Every structure is written in C-alpha cells, then in structure tokens.
Amino acid sequence: MSFFLFLYFIILGVEAGNKKLVNLHHQEISSIELRSNKILTSAFNHLQNLEYEVIEDNMEGLSNKLKKYNFLSKKNKTNLDWWQTGIIYEIYPRSFMDSTGNGIGDLRGIIKKIPYLKYLGICAVWLTPIYPSPGVDLGYDIMNYRGIDELMGTMEDFEELINKLHESGIKIILDIVPNHTSDQHEWFDKSVQSIEPYTDYYLWVDAKYVNGTRQVPNNWKSLFGNSIWEWNETRQKYYLHQFYKQQPDLNYWNPLVREEIKDMMRFWLDKGVDGFRMDAIAHLYERPDLLDAPVLGDGNLQKVGYTQALDECFYEVNDWRSLLEEYKKNDGQTKIIIVETYLDLKYTMKYYGNETNLGAHFPLNVCLARLDHPSAKEFVEKLTEWISNLPSGAWSSWIIGNHDIRRRATTRFGLELIDGIHMLQLLLPGTPVVYMGDELGMTDTYLRYDQLIEDMSKEFAGIPRETVRTPFQWDSSPQAGFSNKTKTWLPVNPNYVTLNVEFEQNARRSHLKIFKEIVNLRQLEIFRTGDVKFYEISEYVFAFSRSNKFLKTYFTVINLGSELENINLKKFKKRLSSKLTVKISSLFAEQNNGDVVSAKSFTLRPSAALVLESSF
C-alpha cells in the first residue's frame, strides 16, 4: 500500500510544478501535464521489467528526480544559440551544382539546390573560398578578398544567395584565408615594388651570404617540406610562404595588415554573412628574430613557437571575436567565428579564449576524422580526452571529414558503418559540421595522374585531395545531375548510378533517410543539454549514453568490428529498464526502428549500430 501512496504523492508533486514549466522542446516534453498524467502507468510498466533488487534504488532515484524536476527543467532551458542547436553543412562550391554548363559548380547552382538544404534540416552552410583566384590552391590563394571569382558567378549572385538562404532559415558562413594571399594580389605586387603603405604587408628578409653565396635566412620549412623562403629578384629580398610559393604570407606584425583583415570582415558582415571559418590560423605569426628551429628526435623541425601557434595567433582570434561582438550589439544577431586547427589539444583549446577575452565559438575538432577503424577503447580515450580538456563553458564541434581530409568518412569507416558514425557525430554534445555528400555515403573517387588538378597532388606521394572533392551525386542521369557538360572539372564517381540523392530519397531505407532520422532525433533537449558517458562494451563495440535529469536515457551502440556481438548494457548501467526501444537502426542492422530489445542481451551485426531509448 505504501508503494502506491508513494507514487500518488509523486504525481501530485509533478503536477504542482507544471505551472512553472514552459517553453520546453515540443518533442522532448511536449506537455508536462500529459507526462504527469501518464507517469503512473509508465512507472508500473518499467518497474515490471526491472530486477527486484534494483526496484528500491530506482524508486528512490525517481523520487529525487521528481522533487528536483522544476529546478532541473529551468536549468535545461539553456538559451542555446543557433550555432549550438543546428548542423553546419560544408559546401565545396566547385563540386556542388553547375548552373552554367561549364562543368564547374557555382553560386547559382547552390541557389537551385536550397530546397535540398532545407530538406536536410541544417542551420547554416559553410562555403569554401569563392573569391577571385588563380587556382594554384583551388581558391585558397586569393587575389581579391572583396570579390567573387567569375567561375563562381557575380556579386549579385552572391547577394541573391544570401537572401534566399536567409528566407529559408539558413545562415551562411564564408571561408576566409587571412594568413596569406595569392602572389597576384594587388597588395603583393605593390609590396614587391616597395610602394607604401604596402612595403611591409608581407615578410621580406635580406639574404645571408656565406663566401659570397646567397643563402636563405634560416632553416624553416614550408608545410610541403621545401624552404619557407622564396627569392624575389625585383625586391632583392626573400619573402616567407608557409604554403605554396605563390601564396606569400601576410606580415601580421604590421598593424596595417591586421586592420585590412578586419575591414575585409566588415565588408562581408555588412553584406549579411553570419560568420567566418578562418583558415590556417596557426600560421599567422612567425618568430620575429628568425632563429633557426631545433631539429626534433624524429628529424623534423620544431614548428610550435617558430612558425606555428605563437601566442599572437590566439590573440588575433580574440580581436576578431571582439569585432563580431560589436555587430551582435548592433542587431542582436550572433555572428560566429570557427577556426581550422590541426594542433595538439593543449594549443587547440587556447582558441576558445576565456571569459574576459573571448576567442572562437569553436575550433574544428578533428579527433573523429583522425580515427580509422579504431577499437572501442580508442573511441573512449579520444572522446574523453577532448571533452575533459574543454574550458569551462566551451562548446564542441564534431567533424568526420571535409575538403582537406584526404579520405572521405565512408571510405575510411566503410559503407556499412557510416550510419553509426553519423549517430556519433550528430548525437554527441556539440555542433556537427557535415561535409557535403557524407549524408549519402559518398566515397573517394579513383583519379588517374592526368586527372589531378593540383601541383601538390602531382608532386607529392600520398592520397590527393581531389579524391574527396569530386562532383556531388544528385541522380542517376549523366554526370550524376551535377552538370550537363560531358567532361566535368573532376570526374564523377562511377557509383553515382545508385548512390545519389534521388535514389536514396525514394528508397525504403537509405543512408540519407537514416541521416534525416538522426537530424530529427537530435532536436530533443536531451541531445543538447543532457549528460554524456562513454562505454567500452567489448574490444570492438563502443557505446555512449545521453541522459537528462528525469527518466530518459538514449544509448547509441556501434559494432566497430567484423564479427557478430552479443550486448549486455545492464552490465554497464544497472539503472536501465530491461526493455529498450530501437529509435534508429543502421541500414545493415538486423533490428528495425520500433523493435524492442532486452537490455541484458541482444545481438549486433558487424558494422551495425542502434540508437536505443530507455525510460530510466
């Protein structure tokens, strides 16, 4: 009898707090009153499935949670901003959609495909560079920071793109390359000629002469392994380039350069862009005394403190953030700054700044992109390392691939596993940044040597970047619906016949449809503010849980291996209902959405993944 009285008082306690609970997410708790009316039935149903010895513990926990319900629901109504609640979608414009028939994607092609972007449910698009460029680094060698490359379209096209994206509720983020320009930029041309104020816009250094022989100023190397210095006959000095010699580095020790970059940012902000992804930030500053870098044990030169990650690099991000905060004060709209980094964790975290000197909204987190057929332990360790090192109040991002990572996620992890990897990317706490085509399971495209575009791809061994940049696969028509030109700038992957948007939208189940299911599920409050825990279920079965402070837990379980696995989640979380509902199953899982499995024992096929729901 006391048991029923206890539940009765629980219900009264919940209903007493109902009046104070407002604006909770409609899918997570659409009606507190409805939940309180159903809680007795729900509790009985789950208690019947629990082992006798844990009933008492669960009831005690239930009582405590309900007493705190009003407080916790207020806490969960964290005022998250658009960049925290949504998904950012990276578009490589050359390969997204060709509207002119020249075999190269463009801005009007993106405009044409806005309905697809709305279908995906993303909050923002990040466009890789669209500025005038000679194309040595395929757009990352910029001739004019305030223009549009004629291959991409016109400024009018860009303004129309902004307006139509905004009308569709989608933000736009531009890729900025502040570290260097093209050697065809007007600034560099004037700097070569020592025309003021451009004389010191770039890093110019006198040669060293040994026995009458001209030598470079020091032993620093570019990212490609050759000298960081290039001789200019006109100026009779060396200039510094951390990338191609056609990409001279700007001199950030010069305040005029720093102001030029901020003026350029203002230009695009005034156009209506919603933020920037800043490229190659770790390279902004070099050691001013030009001291030779020491040789490390592996034979490489030390870069941190010499050509990378000087403190001033992080201070510069603070300065840019201040600029964006000024705009926010004017119109109340958050403009974000995202930074690229491949630095070690202790340096990456510095980009966040601190409470008094705000930095980036987030750096692009590549910890998942660096994993390739990992064990469960590796996942646990990498994810724990990232989250445990986050500064207080910092927000994560999650990427599994982009235009620079030389193997697509599906190629690295496998077609069977990609749904599970998307569950991980989209359901962890933070903002997913999705590379176009990953939602379909697009794979690397084999390219012959004569099909490569970049000199770097031809000159250096390894996987060329072009393999992940081939045209987007829209349908099964010629050229995958990307272009009506027979020869596109890069070849379309031959698997486009069945691996394309149209086919996957019409299929009963597909990677695209599963991606959409995950997108919809992550709208629940629990995936925004809930707790996260990681589990090494077995050597090759990884799981993580998202829990809120009431009765809900979601388990994502991924079989990373090549063998059938039997799973017992009760072994890892005792306070778990004995029956779990399959919310989302991967394409090749034996279970279907809506199935009920035993928490103590269910099987998971190789490379299969499930999102499971429990009420405890």
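The values are calculated or read from the model by the stated rules, or taken from the named source; none is laboratory data. Keep in mind that what you see is a predicted model, and the values were worked out from it rather than measured. Neighbour counts run over all protein chains shown; Cβ positions are idealised from the backbone, glycine included. All accessible areas refer to the heavy atoms of the entire protein, side chains included, with ligands and DNA or RNA removed. Shrake-Rupley method; radii C 1.70, N 1.55, O 1.52, S 1.80 Å.
When every residue of the stretch 406-417 is checked against the conditions, at least one turns out to be among the acidic types (D, E), more than 25 Å from K350 (Cβ to Cβ) and modelled with pLDDT of 95 or more. Meeting the requirement of 3 or more residues that are at pLDDT 95 or above and more than 21 Å from K382 (Cα to Cα), the strands (runs of 3 or more DSSP E) wholly within the stretch 537-613 are 565-567, 579-585, 596-598, 602-604. Applying the condition of being in contact with a Phe, Trp or Tyr (Cβ under 6 Å, 6 or more places away or on another chain) and free of Cβ contacts under 8 Å to residues at least 60 places away in the same chain to the stretch 241-279 and asking which residue is farthest from A207 (Cα to Cα) yields V257. Being of a type outside the set (D, E, K, R) and not in a helix (DSSP H, G or I) is a property that P115 lacks. All told, L223 falls short of being among the aliphatic types (A, V, I, L, M), over 31 Å from the mean Cα position of the chain (by Cα) and surrounded by 16 or more Cβ atoms within 10 Å (Cβ to Cβ).
Here's the yes/no breakdown for (1) within 21 Å of R406 (Cα to Cα); (2) loosely packed, with under 15 Cβ neighbours inside 10 Å:
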position	(1), (2)
Y352	no, no
T356	no, yes
A360	no, no
L364	yes, no
C367	yes, no
D372	yes, yes
K377	no, yes
K382	yes, no
S388	no, yes
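If the condition is being under 30 Å from the mean Cα position of the chain (by Cα) and of a type in the set (D, E, K, R), then the stretch 536-572 contributes E536, E539, R546, K549, K552.
Any residue at all in the stretch 154-175 that is open to solvent by less than 30 Å² (accessible area, probe 1.4 Å), small (G, A, S) and in contact (Cβ under 8 Å) with a residue 12 or more places away in the chain? Steps first, please.
Pass one, the stretch 154-175, residues open to solvent by less than 30 Å² (accessible area, probe 1.4 Å): 157-158, 161-162, 165, 170, 172-175.
Right, trim to small (G, A, S) and you get none.
There is no residue in the stretch 154-175 that is open to solvent by less than 30 Å² (accessible area, probe 1.4 Å), small (G, A, S) and in contact (Cβ under 8 Å) with a residue 12 or more places away in the chain.
In the stretch 297-313, is there at least one residue being assigned to a helix (DSSP H, G or I) and surrounded by fewer than 22 Cβ atoms within 10 Å (Cβ to Cβ)? Spell out the reasoning first.
Start the filter on the stretch 297-313 by keeping residues that are assigned to a helix (DSSP H, G or I), which leaves 311-313.
Of the ones still in play, those that are also surrounded by fewer than 22 Cβ atoms within 10 Å (Cβ to Cβ) are 311-312.
The answer is yes; a qualifying residue exists.
Pairs linking a residue in the stretch 557-585 that is farther than 25 Å from F515 by Cβ and open to solvent by less than 10 Å² (accessible area, probe 1.4 Å) to a residue that is among the small types (G, A, S) and at pLDDT 95 or above, with Cβ atoms under 8 Å and 6 or more positions apart or on different chains, are L576/A599; S577/A599. Would you check if there is a residue in the stretch 391-413 being open to solvent by 10 Å² or more (accessible area, probe 1.4 Å), among the aromatic types (F, W, Y) and at negative phi? Within the stretch 391-413 (the criterion being open to solvent by 10 Å² or more (accessible area, probe 1.4 Å), among the aromatic types (F, W, Y) and at negative phi), the answer is yes, since at least one residue qualifies.
Restricting attention to the stretch 486-506 and to residues that are part of a loop (DSSP other than H, G, I, E, B) and touching a helix residue (DSSP H, G or I) at 6+ places or on another chain (Cβ under 7 Å), the residue that is surrounded by the fewest Cβ atoms within 10 Å (Cβ to Cβ) turns out to be P491.
So which of Q242, Q247 ends up being open to solvent by less than 50 Å² (accessible area, probe 1.4 Å), over 30 Å from D157 (Cα atoms) and either part of a strand (DSSP E or B) or of a type in the set (S, T, N, Q) (or both)?
Q242
Against the definition (of a type in the set (S, T, Y), modelled with pLDDT of 95 or more and over 24 Å from F544 (Cβ atoms)), how does S397 come out, yes or no? Here the answer is no, as S397 does not meet what is asked. From the list E378, E385, the lone residue that is free of Cβ contacts under 8 Å to residues at least 12 places away in the same chain and within 21 Å of I537 (Cα to Cα) is E378.
State whether one or more residues within the stretch 542-550 are charged (D, E, K, R) and within 22 Å of L604 (Cβ to Cβ).
Step one: list which residues in the stretch 542-550 are charged (D, E, K, R), which gives 546, 549.
Retained after the next criterion (residues that are within 22 Å of L604 (Cβ to Cβ)): 546.
Taking every residue of the stretch 542-550 in turn, at least one turns out to be charged (D, E, K, R) and within 22 Å of L604 (Cβ to Cβ).
I need a count of the residues in the stretch 269-296 that are among the β-branched types (V, I, T), open to solvent by 20 Å² or more (accessible area, probe 1.4 Å) and within 24 Å of I91 (Cβ to Cβ). Reasoning before the result, please.
Filtering the stretch 269-296 down to residues among the β-branched types (V, I, T) leaves 273, 281, 295.
From the residues that got through so far, the ones that are open to solvent by 20 Å² or more (accessible area, probe 1.4 Å) too are 295.
Of the ones still in play, those that are also within 24 Å of I91 (Cβ to Cβ) are none.
Count: 0.
Evaluated against (1) over 25 Å from K335 (Cβ atoms); (2) in a strand (DSSP E or B); (3) in contact with an Asp or Glu (Cβ under 6 Å, 6 or more places away or on another chain), N219 falls short on exactly one condition, (2).
Within the stretch 184-217, the set of residues being touching a helix residue (DSSP H, G or I) at 6+ places or on another chain (Cβ under 9 Å), hydroxyl-bearing (S, T, Y) and touching a residue at least 40 places away in the same chain (Cβ under 8 Å) comprises Y201, Y202.
If you scan the stretch 464-485, which residues turn out to be more than 14 Å from Y92 (Cβ to Cβ) and part of a loop (DSSP other than H, G, I, E, B)? If you could, list the steps in order and put the result at the bottom.
Step one: list which residues in the stretch 464-485 are more than 14 Å from Y92 (Cβ to Cβ), which gives 464, 474-481, 483-485.
Answer for the stretch 464-485, where residues must be more than 14 Å from Y92 (Cβ to Cβ) and part of a loop (DSSP other than H, G, I, E, B): P464, W474, D475, S476, S477, S483, N484, K485.
So which residues in the stretch 358-374 are more than 16 Å from the chain's Cα centre (by Cα) and at pLDDT 95 or above?
First pass over the stretch 358-374, keeping only residues more than 16 Å from the chain's Cα centre (by Cα): 358-359, 372-374.
Those that are more than 16 Å from the chain's Cα centre (by Cα) and at pLDDT 95 or above: L358, G359.
Residue check, L390 against (1) under 15 Å from the mean Cα position of the chain (by Cα); (2) within 25 Å of G530 (Cβ to Cβ), all met but one. Which one? With respect to (1) under 15 Å from the mean Cα position of the chain (by Cα); (2) within 25 Å of G530 (Cβ to Cβ), L390 is out only on (1). Checking each residue in the stretch 319-335 for being open to solvent by 40 Å² or more (accessible area, probe 1.4 Å), among the polar types (S, T, N, Q) and either in a loop (DSSP other than H, G, I, E, B) or in contact with a Leu (Cβ under 6 Å, 6 or more places away or on another chain) (or both) picks out only Q333.
Collect the residues in the stretch 226-236 that are under 35 Å from the mean Cα position of the chain (by Cα) and either more than 16 Å from D249 (Cα to Cα) or in a strand (DSSP E or B) (or both), keeping them in residue-number order. Even if it seems obvious, please write down each step before you answer.
We begin by selecting, within the stretch 226-236, every residue under 35 Å from the mean Cα position of the chain (by Cα); these are 226-230.
S227, W229, E230 - these are the residues of the stretch 226-236 that are under 35 Å from the mean Cα position of the chain (by Cα) and either more than 16 Å from D249 (Cα to Cα) or in a strand (DSSP E or B) (or both).
When residues in the stretch 250-268 are screened for being open to solvent by 10 Å² or more (accessible area, probe 1.4 Å) and either of a type in the set (A, V, I, L, M, F, W, C) or not in a loop (DSSP other than H, G, I, E, B) (or both), 10 of them pass.
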